[in-house]
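K.L.:
Please read through the structure below; I'll follow up with questions.
The numbers here are math on the coordinates, done by the rules we state, and not lab data. Just so it is clear, the structure is predicted and the values come from calculations on it, not from any experiment.
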Amino acid sequence: MENSTATIYCCVCLVHSVILVLSLCVGQVEEIGRIVLNLCSLVPGGIVCFFPSYAYEQNVIESWTKSGLLNQIGVKKKIFREPKLASNVESTLADYARCCQLTSSGDHRLTGALLFSVVGGKLSEGINFADDLGRCVIMVGLPYPSTQSVELQEKMSYLDRQHAGYGREYYDGLCMKAVNQSIGRAIRHINDYATIVLLDQRYSRASVLHKLPTWIQASTHACSTFPAAFSAVRNFFARRKAAALKSP
């Protein structure tokens with residue numbers, strides 16, 4: 001086994017998780033785009049990128065299109081978006097998988113495919129991204145549910161009446177349950193591996209980190225700059241490639 005704070009063996013399953021400490025705001029959309037672009041240059045196969053809402057995803061896509069970042073990303077990986085119609089999910093996933101498999105041989109100009117999805121959407125639950133379909137999962141932000149929901153407000157108020165702070169704990173729990181369901185789409189069998197990149201400084205808080213699955217908690221470390229995270233991800237895939245070459 002490798003001695004590294006960036007890796008963990010769980011049931012003989014290697015997983016890698018990097019927490020990139022990044023405070024998100026509208027003005028940093030381009031920085032997020034540059035991070036995604038760099039990861040597309042580094043990670044083989046498929047990358048699944050989850051956004052906290054459809055509105056935020058649309059804002060990001062429009063910004064990256066205007067700046068030219070989306071075209072740059074498209075040179076590295078074929079871009080797919082979660083379809084609006086449920087009837088198109090199967091065909092989108094089939095095309096995405098076909099592209100990942102086609103480029104995994106290394107005989108193609110693309111390094112794989114990038115799939116944009118939304119937490120709680122059509123692709124965040126019940127669909128597995130094993131092996132080359134999910135060598136990297138990017139989670140942008142924390143997907144807190146809307147506090148405008150009357151049902152949620154009543155539930156939180158009821159819990160707070162039972163015990164002060166229970167409402168907020170319930171609210172945080174809903175968010176982290178959605179995060180865990182999304183990032184759990186990768187690492188589906190004993191020989192599978194992937195990198196998980198969490199883009200939000202709040203993931204480095206103990207209260208948030210402790211709500212991640214234990215098999216991820218033990219392998220995470222926060223990075224205040226992308227070069228540090230980039231180096232960790234690069235080294236991880238270099239080790240995986242070297243191990244594959246050594247295997248009979």
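K.L.:
Mind listing the long-range amide H neighbours of Gly112? Cut-off is under 5 Å, sequence gap 5 or more, other chains count too, H placed in the peptide plane at 1.01 Å from N.
P.N.:
Placed amide hydrogens put Lys78 under 5 Å from Gly112.
K.L.:
Separate question: Ile196's amide H: which non-local residues (gap 5+, or another chain) put their own amide H closer than 5 Å, with H modeled 1.01 Å from N in plane and none for Pro or chain starts?
P.N.:
His16, Ser17, Val18, Val137
K.L.:
Short version: ³J(HN,Hα) in whole Hz for each residue of the stretch 169-177, in order, from phi by Karplus 6.51 cos²θ - 1.76 cosθ + 1.60 (θ = phi - 60°), x for Gly and Pro, what are they?
P.N.:
4, 5, 4, 4, x, 4, 4, 6, 5
K.L.:
Rounded, prolate or oblate: which fits the stretch 31-93 when a ≥ b ≥ c are the square roots of the eigenvalues of the alpha-carbon gyration tensor, with rounded for a/c under 1.5 and prolate only if a/b beats b/c?
P.N.:
Oblate.
K.L.:
From the phi of every residue in the stretch 154-161, what ³J(HN,Hα) in whole Hz does the Karplus formula 6.51 cos²θ - 1.76 cosθ + 1.60 yield, where θ is phi - 60° and glycine or proline is x?
P.N.:
Going residue by residue, I get 5, 5, 5, 5, 4, 5, 5, 6 Hz, with x marking Gly and Pro.
K.L.:
Once amide H atoms are built 1.01 Å from N in the peptide plane, which residues 5 or more positions from Arg81, or in another chain, come under 5 Å H to H?
P.N.:
Amide H neighbours of Arg81, under 5 Å, 5+ apart: Phe116.
K.L.:
Whole-Hz ³J(HN,Hα) for each residue in the stretch 219-231, computed from phi via Karplus 6.51 cos²θ - 1.76 cosθ + 1.60 with θ = phi - 60°, x for glycine and proline: what do you get?
P.N.:
Here the 3J(HN,Hα) series is 10, 8, 8, 7, 10, 7, 9, 5, x, 5, 5, 4, 4 Hz.
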